[in-house]
Amino acid sequence: MPTTFPHLMLEHAARRPRAAALREKQYGIWQTLSWSGLAALVRALGCGLAEAGLRRGQHLVVIGENRPRLYAAMLAAQSLGAVPVPLYQDAVATEFVFPITNAQIAFAIVEDQEQVDKLLEVRALLPPDGPPLARIWFDDPRGLRRCDEPGLAPLDALIESGHAYDAAHPGWFDAEVAKIRPDDVAAMFFTSGTTGHPKGVVHTHNSLIDRARAGASFDKLTHAEEVLAYLPPAWIGQNIFSYAQWLVCGYVVNCPESAGTVGIDLNEIGPTYYFAPPRIFEGLLTTVTIRMEDASAIKKWLFRHFMDVARRVGPRLMDGLPVGALERAHYALGRLVIYGPLRNTLGLSRVRVAYTAGEAIGPDLFTFYRSIGINLKQLYGSTETAVFVCLQPDHEARADTVGVPIAGVQIRLTDAGEILVKSPGLLKEYYRNPQATAEVLTPDGWFHTGDAGFLDAHGHLKIIDRAKDVGRLQGGAFDGAMFAPKYVENKLKFFPYIKEAVAIGDRRATVCAFVNIDFEAVGNWAEKRNLPYAGYADLAQKPEVQTLIRECVEKVNADLAGDDRLAGSQISRFLVLHKELDADDGELTRTRKVRRGFIAERYQVLVDALYAGAAHQYVETPVTFEDGRSGTVAADLKIVDARVFPSIRRAA
């Protein structure tokens, strides 16, 4: 059985040469690359890279959206025994300096002019004692036809040189591929860096392929699946679904034309296997909510009526539980008039298996999708575990768990509740960071996840929060109560009007929060009420919007009051930030995870005002604009008190 990525590709090319491997939408038309075509492209790129000087064990940086020729470039590097290092295409140039320096990278293949410009800027920032970024090839030539920077060339030129090298050295490429072993390093992924510098996570062919196979077996995936690859290839979540499992199963990966056409492309492709972080599912639901606000009265009534039926009946049908004939017929009617058209509008009408991961999903959001017949499930894993640790079996998907350990995985809990994992998918090491490696990998092969959780009576894993983020309240009515900020934030983000939230409360008597409104959803809400506004900051501070958000917060508080363990996590005060949290400003990672410590430090004046009982607070914040310029935004932010409810159990 093939156990390296190049061998998997060559096997598909031999068995199914004309079958589609990749599709890319260009100028509104889907272009198909067959497995035999892919193998020929990889051979040319591999020979071209070898002629340019890329050698076994060296790193090749790859930056861009999901593009067939960038996938082929990663396979080409692996065919030589070199190591592809995908980086986030939306990162600014300065964010590339550390990984390129750390991995001692001299070769890069990028998508377009934007990435070329950033790497040319990086060249000037690299330390003089390290390897220079000598060669840069670009896939899209637009804007670069007259660029004569040293070492810069189109990818077509690399392919041409590869054809010539292959003709002059017949059999050389096949011999190189034959040298690759399962334990060789296959790829390196840099962590999102919520604290300090990101770390290079080193994975072998075996660690990635083993977990890809385990996940494919669990969900009975075949070569007939259709996948839409629209998330950053540098994120291991996208990489495992559209690269590792793609090569294991041989299904078709479809690359959208651009980020702006993903919704259209999703509808055209109709994927059968779908993966998205919670923020994508939140965005889809927000779109539905906005459209329903524009609907006629009868359509609104039908939607609300049948969604009540869906919430009551849908999850039971999905879980294979008994449902009465009348309720089943009622749900079938809803499928005809509401659920089916809704799934089609979302582009999810053909989905057989859908997963969400990256962070916890709100239980109400999770239930919504399953109630309309989408087999949405949760999984648990990380970059260091090659993603697949726990998966939810069909008919056992629950909003409050992340599934059961799959084949090959062992889980152990420390006395403090931290989850330890042993799996064939564990990282080999953090690149050039033995201290960090020793901190997460025990001598007997257990990985410290840093997550707090427990296994329930059914063997499902429940995640509470990051172990370092789970805290306790001190003083006040809930002294000693557990504080799980991510749980609170996810409940807030279920509301279409709230895009992001940051809860604060560890070692404090009460919980407070920062909120980012969803500009599109709240803007639509405001326009229907003839409420004028002059941009995000102005809209966020409108008294009507503050009231809207307070109502959302108090609904969350009422829900938290029903759980004695988390009743103390109710939000007593909050403010709506004057700007959206942004990865370019260091407030989010590139995978949109909140950098909690950084935010607490940056907005310390706001934290102090929340806990000092102030009614408002002036703040100035440095920002980075889309064109790279720096500036400052300032506002006098209102602070809002929210109703806190007594714990139901304590009150009883």
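Identify the GluC sites (Glu not before Pro) of segment 518-548 meeting these criteria: DSSP loop state and at most 10 other C-beta atoms within 10 Å of the C-beta.
Of the GluC sites (Glu not before Pro), not one in the loops of segment 518-548 has a Cβ with at most 10 other Cβ atoms within 10 Å.
Can you pull the percent of the chain's accessible area that's carbon plus sulfur, 1.4 Å probe, other chains left in place?
Summing carbon and sulfur atoms, their accessible area is 53 percent of the total for the chain.
Would you be so kind as to identify which of Gly46, Leu120, Cys147 lies farthest towards the positive end of the dipole of segment 38-188, taking Lys and Arg as +1 and Asp and Glu as -1 on Cβ and the Cα centre as origin?
Selected residue: Gly46.
Rounded to the nearest 10 Å², what accessible area does Asp584 have for a 1.4 Å probe in the complete protein model?
So the heavy atoms of Asp584 present about 50 Å² to solvent.
For Ala614 and Asp538, compute 0.36 nm times the residue count separating them, minus their Cα-Cα distance, and round to one decimal in nm.
The Ala614-Asp538 span can extend by a further 25.3 nm.
For His197 and Asp129, FRET efficiency with R0 = 25 Å and r from the beta-carbon atoms, rounded to 0.05?
0.85
State the Cα centre-to-centre distance between segment 317-335 and segment 73-91 in whole Å.
Between the Cα centre of segment 317-335 and that of segment 73-91, the gap is 48 Å.
With charges only on Cβ, +1 for K and R and -1 for D and E, what is the dipole size of segment 519-652 about its Cα centre, in debye, rounded to 20?
520
Measure up Lys118/Lys179; Lys377/Lys491; Lys468/Lys493; Lys377/Lys528; Lys491/Lys542 against 27 Å on the Cα-Cα distance and list the ones that go over.
Those over the limit are Lys118/Lys179; Lys377/Lys528.
Loop-only trypsin sites (Lys or Arg not before Pro) in segment 518-550, please: DSSP not H, G, I, E or B, and at most 13 other Cβ atoms within 10 Å.
Filter output for segment 518-550: Arg529.
Sorted by accessible area with a 1.4 angstrom probe, largest first, how do Val402, Val644 fall?
Greatest to least solvent exposure: Val644, Val402.
Identify the GluC sites (Glu not before Pro) of segment 555-652 meeting these criteria: DSSP loop state and at most 10 other C-beta atoms within 10 Å of the C-beta.
Within segment 555-652, the qualifying GluC sites (Glu not before Pro) (loop, at most 10 other Cβ atoms within 10 Å) are Glu626.
Using 7 Å Cα-to-Cβ label points, what is the Trp172/His305 separation (nm, one decimal)?
That separation, rounded to one decimal, is 7.3 nm.
Could you give me the radius of gyration and the Dmax of the chain, taking only the C-alpha atoms into account and expressing both in angstrom?
Here Rg and the maximum Cα pair distance are 25.5, 84 Å.
How large is ³J(HN,Hα) for each residue in segment 35-40, as worked out from phi by the Karplus curve 6.51 cos²θ - 1.76 cosθ + 1.60 (θ = phi - 60°), to whole Hz, x for Gly and Pro?
The phi angles translate into 5, 5, x, 5, 4, 5 Hz.
Report the extension gain between Gln113 and Asp456 in nm, rounded to one decimal, defined as 0.36 nm multiplied by the number of residues separating them, less their alpha carbon distance.
Answer, rounded to one decimal: 118.4 nm.
With just the Cα atoms defining each centre, how far is segment 361-375 from segment 583-652? Give it in Å.
If we compute the Cα centre of each part, the gap is 29 Å.
Write down the accessible area per residue of the chain in Å², having rolled a 1.4 Å probe over the full set of protein chains.
41
If the only charges are +1 at each Lys and Arg Cβ and -1 at each Asp and Glu Cβ, what is the size of the charge dipole of the chain around the Cα centre, to the nearest 20 debye?
Dipole about the Cα centre, nearest 20: 1640 debye.
Rounded, prolate or oblate, given the Cα gyration tensor of segment 320-367, with a/c below 1.5 counting as rounded?
Note, shape of segment 320-367 comes out oblate.
Can you give me the C-alpha center-to-center distance between segment 122-143 and segment 237-259, rounded to a whole angstrom?
One Cα centre to the other: 27 Å.
On a 1.4 Å probe surface of the protein chains, which of Leu152, Leu125 comes out largest in accessible area, and what is the full order?
Of Leu152, Leu125, the descending order of accessible area is Leu125, Leu152.
Measuring from label point to label point, each 7 Å out along Cα→Cβ, what is the Asn530 to Gln31 span in nm?
So the two model labels end up 5.3 nm from each other.
Please list the non-local residues whose amide H lies under 5 Å from the amide H of Val83, H modeled 1.01 Å from N, same-chain partners needing a gap of 5 or more.
Gly57, Gln58, His59, Leu60
Taking H as built 1.01 Å from N, whose amide H comes closer than 5 Å to the amide H of Asp140, not counting residues under 5 places away?
Amide H neighbours of Asp140, under 5 Å, 5+ apart: Asp112.
With unit charges on the beta carbons (Lys and Arg positive, Asp and Glu negative) and the dipole taken about the Cα centre of segment 491-623, which residue among Val511, Gly568, Ala615 sits farthest to the positive side?
Looking along the dipole axis, the top candidate is Gly568.
Check which residues have an amide H placed less than 5 Å from Glu429's amide H, if you skip close sequence neighbours.
Here the answer is Val202, since their amide H atoms fall under 5 Å of that of Glu429.
To the nearest 20 Debye, how big is the dipole of segment 140-180 about its Cα centre, given +1 on the beta carbon of each Lys and Arg and -1 on that of each Asp and Glu?
For this selection, approximately 120 debye.
Looking at the chain, which longest stretch skips every one of the chymotrypsin sites (Phe, Trp or Tyr not before Pro) that is in a DSSP loop with at most 10 other Cβ atoms within 10 Å, leaving the sites themselves out?
28-624
Leaving out ligands, DNA and RNA but keeping every protein chain, what accessible area does Met307 have, in Å² rounded to the nearest 10, with a 1.4 Å probe?
Only protein atoms counted, so the area is about 0 Å².
The values are calculated or read from the model by the stated rules, or taken from the named source; none is laboratory data. The structure displayed is predicted, hence computed values, not measured ones. Cβ atoms come from the backbone with ideal geometry, glycine included; neighbour counts cover every protein chain shown. These accessible areas exclude ligands, DNA and RNA; they are computed on the full protein's heavy atoms, side chains included. Shrake-Rupley method; radii C 1.70, N 1.55, O 1.52, S 1.80 Å.
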